[in-house]
Amino acid sequence: MTALLPDAPWRHRAGLDALLFALGTQDGLARYVGGAVRDGLLGLPVNDLDIATSLPPTAVMERLKDAGIKAVPTGIDHGTVTAVLADGPVEITTLRRDVSTDGRRATIAYTDDWRDDAARRDFTINALYADPMTGAISDYFGGIADLEARRLRFIGDAEARIAEDHLRILRYFRFLARYGDNEVDGHAYAACVAAANSLMALSRERIADELMKLLAVASPVTALRLMVEGGILGPVLPEVAMEGVDRVEALIAREAKASLPPSAVRRLAALLPPDAAVADQVGARLKLSNKARKRLAVALARDGAEESMKALAFRIGTEGAIDRLLLESSQPIEALEQLRGWTPPRLPISGGALIKRGLTPGPDVAKALQQVERQWVAEDFPDEDRVQQLADQIVSKFQRARQ
């Protein structure tokens, strides 16, 4: 692998040249760091662009202001300033070294030593820096060789790095799934297993963020199996067992067959026991969004097994219907074709139309409208003429019943 960062798409972001000039990259004061360098070397898409600098945060803010670039002190207490560019934000963080850590947060001091900053990072492949002007890579711990070998390696002693930040346990398995060859280093794995209980000290939001990122990786199954075998998730997600990993593996195969992209929420539904109540409890514990919690519960609900895909999509939404189809291995993937290019329609009649037909305003209107809708769905959403016929029939039935 080359020791030069190739010209990458982000290089042409609007306003980036002005940002780099303001930070003094021409004088060696700032470099790309972390994921942008790692993924850039691998030819992967780069979503987040991070810059490390030897300038203190106050100087970064001043320089950006002088250059007319909006600067937001998103994490200034920890040395991070976000520059807002037209094509997306760029995080700029001052070089740091750890003074003390407690497994959840670190007390840091600023430094102008690039190696000190690299030494506080988790994995060798994340401790790569690139000169924006020349593309030259600074690699202090053999990260380029590890990328070439698809090897995931902690910087220094695994136990010590995990003790500094317990989240590194989960990050280890996420990076193993995405960048490693899934052949674990025995010492690193043992360190993760031994420290698994320390995950309980982390906020559930941080745990959820890492878990969802892992589940969104193309092939997380091997990493998940290692986690279950080692009891990694037990302290925070005791509901997860090897049967859940088997379901994730089956789901991934069905996603591929259906030509659908990975969905972390859908895969979490597969990982958990097939019980909507349990899924809701887990969603609440992980502090997932209301939308994600509802999706989990809908995906694992047991109702509607006899409905057609269109009828199910009309009732619970297209996303929910697709989730259920993919999660139920006995259902043929071909049934998904019913939903491609189809949008659930709205019932083309209202309660007012039933009142105009002579139905007395009140509870009967809602009941009659529900019957019209049920029959309309059962007949596979016929056109408005047929709906009018159904309305006539059902209103007549209600009127006869009241005579």
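The values are calculated or read from the model by the stated rules, or taken from the named source; none is laboratory data. As the structure is a prediction and not an experimental result, all values here were calculated from the model. Backbone-built Cβ (ideal geometry, glycine too); neighbour counts: all protein chains shown. Heavy atoms of the whole protein, side chains included, go into the accessibility calculation; ligands, DNA and RNA do not. Shrake-Rupley method; radii C 1.70, N 1.55, O 1.52, S 1.80 Å.
Could you please let me know if ALA119 is among the small types (Gly, Ala, Ser), open to solvent by 30 Å² or more (accessible area, probe 1.4 Å) and under 24 Å from GLY28 (Cα atoms)?
Working: among the small types (Gly, Ala, Ser): yes; open to solvent by 30 Å² or more (accessible area, probe 1.4 Å): yes; under 24 Å from GLY28 (Cα atoms): yes.
Answer is yes for this residue.
Let me confirm something: among ASP87, ASP7, which residue is open to solvent by 60 Å² or more (accessible area, probe 1.4 Å), in contact (Cβ under 8 Å) with a residue 24 or more places away in the chain and over 27 Å from the mean Cα position of the chain (by Cα)? Full working, then the answer.
Working: ASP87 fails: over 27 Å from the mean Cα position of the chain (by Cα).
Only one candidate passes the filter, namely ASP7.
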- Could you tell me which numbered condition LEU369 fails, if it satisfies all but one of (1) open to solvent by less than 50 Å² (accessible area, probe 1.4 Å); (2) within 35 Å of the chain's Cα centre (by Cα); (3) farther than 27 Å from LEU271 by Cβ? (2)
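Are any of the residues in the range 154-167 over 30 Å from LEU233 (Cβ atoms) and out of contact with any Phe, Trp or Tyr (no Cβ under 8 Å at 6 or more places or on another chain)?
no
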- Note on the structure: The condition from (1) in contact with a Ser or Thr (Cβ under 7 Å, 6 or more places away or on another chain); (2) more than 14 Å from LEU20 (Cα to Cα) that ASP113 misses is numbered (1)
- What number of residues within the range 179-202 are over 16 Å from GLY234 (Cβ atoms), in contact (Cβ under 8 Å) with a residue 40 or more places away in the chain and under 21 Å from the mean Cα position of the chain (by Cα)? 2
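Can you pull out the helices (runs of 4 or more DSSP H) entirely within the range 218-317 that have at least 3 residues that are among the aromatic types (Phe, Trp, Tyr), in contact (Cβ under 8 Å) with a residue 40 or more places away in the chain and open to solvent by less than 60 Å² (accessible area, probe 1.4 Å)? Even if it seems obvious, please write down each step before you answer.
Values: elements: 221-229, 242-257, 264-271, 276-285, 290-300, 309-316.
By residue number, no helices (runs of 4 or more DSSP H) qualify.
Tell me yes or no: at least one residue of the range 182-200 is part of a loop (DSSP other than H, G, I, E, B) and farther than 20 Å from PHE123 by Cβ.
First, the residues of the range 182-200 that are part of a loop (DSSP other than H, G, I, E, B): 182-185, 195.
With the extra rule that they be farther than 20 Å from PHE123 by Cβ, the set shrinks to none.
No: zero hits.
Residues that are within 25 Å of the chain's Cα centre (by Cα) and assigned to a loop (DSSP other than H, G, I, E, B): does the range 125-146 have at least one?
Taking the range 125-146 first, the residues within 25 Å of the chain's Cα centre (by Cα) are 125-128.
Adding the requirement that they be assigned to a loop (DSSP other than H, G, I, E, B) leaves 127.
Yes; the residues of the range 125-146 include at least one that is within 25 Å of the chain's Cα centre (by Cα) and assigned to a loop (DSSP other than H, G, I, E, B).
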- Item | All positions within the range 33-80 that are out of contact with any strand residue (DSSP E or B) (no Cβ under 7 Å at 6 or more places or on another chain), surrounded by 14 or more Cβ atoms within 10 Å (Cβ to Cβ) and either over 30 Å from ARG151 (Cα atoms) or of a type in the set (Lys, Arg) (or both) | ALA59, GLU62, ARG63, ALA67, ILE76
- Note on the structure: Picked from the range 202-217 (must be in a loop (DSSP other than H, G, I, E, B) and out of contact with any strand residue (DSSP E or B) (no Cβ under 9 Å at 6 or more places or on another chain)), the residue least open to solvent (accessible area, probe 1.4 Å) is VAL217
- Could you tell me which numbered condition PRO89 fails, if it satisfies all but one of (1) at pLDDT below 85; (2) part of a strand (DSSP E or B)? (1)
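Scanning for something out of contact with any helix residue (DSSP H, G or I) (no Cβ under 8 Å at 6 or more places or on another chain), of a type in the set (D, E, K, R) and at pLDDT 95 or above, does the range 232-252 turn up at least one residue?
Of the residues in the range 232-252, the ones out of contact with any helix residue (DSSP H, G or I) (no Cβ under 8 Å at 6 or more places or on another chain) are 238, 243, 246.
Next, only the ones that are of a type in the set (D, E, K, R) stay: 243, 246.
Of the ones still in play, those that are also at pLDDT 95 or above are 243, 246.
Yes; the residues of the range 232-252 include at least one that is out of contact with any helix residue (DSSP H, G or I) (no Cβ under 8 Å at 6 or more places or on another chain), of a type in the set (D, E, K, R) and at pLDDT 95 or above.
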- Scan the range 57-66 and give yes if some residue there is among the basic types (Lys, Arg), on the phi < 0 side of the Ramachandran plot and in a strand (DSSP E or B), otherwise no. no
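Every residue, every condition in (1) of a type in the set (Val, Ile, Thr); (2) open to solvent by 20 Å² or more (accessible area, probe 1.4 Å); (3) in contact with a His (Cβ under 6 Å, 6 or more places away or on another chain), yes or no:
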{"residue": "ARG105", "(1), (2), (3)": "no, yes, no"}
{"residue": "MET133", "(1), (2), (3)": "no, yes, no"}
{"residue": "ALA136", "(1), (2), (3)": "no, yes, no"}
{"residue": "ASP139", "(1), (2), (3)": "no, yes, no"}
{"residue": "ASP165", "(1), (2), (3)": "no, yes, no"}
{"residue": "ILE169", "(1), (2), (3)": "yes, no, no"}
{"residue": "ALA196", "(1), (2), (3)": "no, no, no"}
- So which residues in the range 359-384 are closer than 19 Å to LEU339 by Cβ, in contact (Cβ under 8 Å) with a residue 40 or more places away in the chain and not in a helix (DSSP H, G or I), if there are any at all? ASP380, PHE381
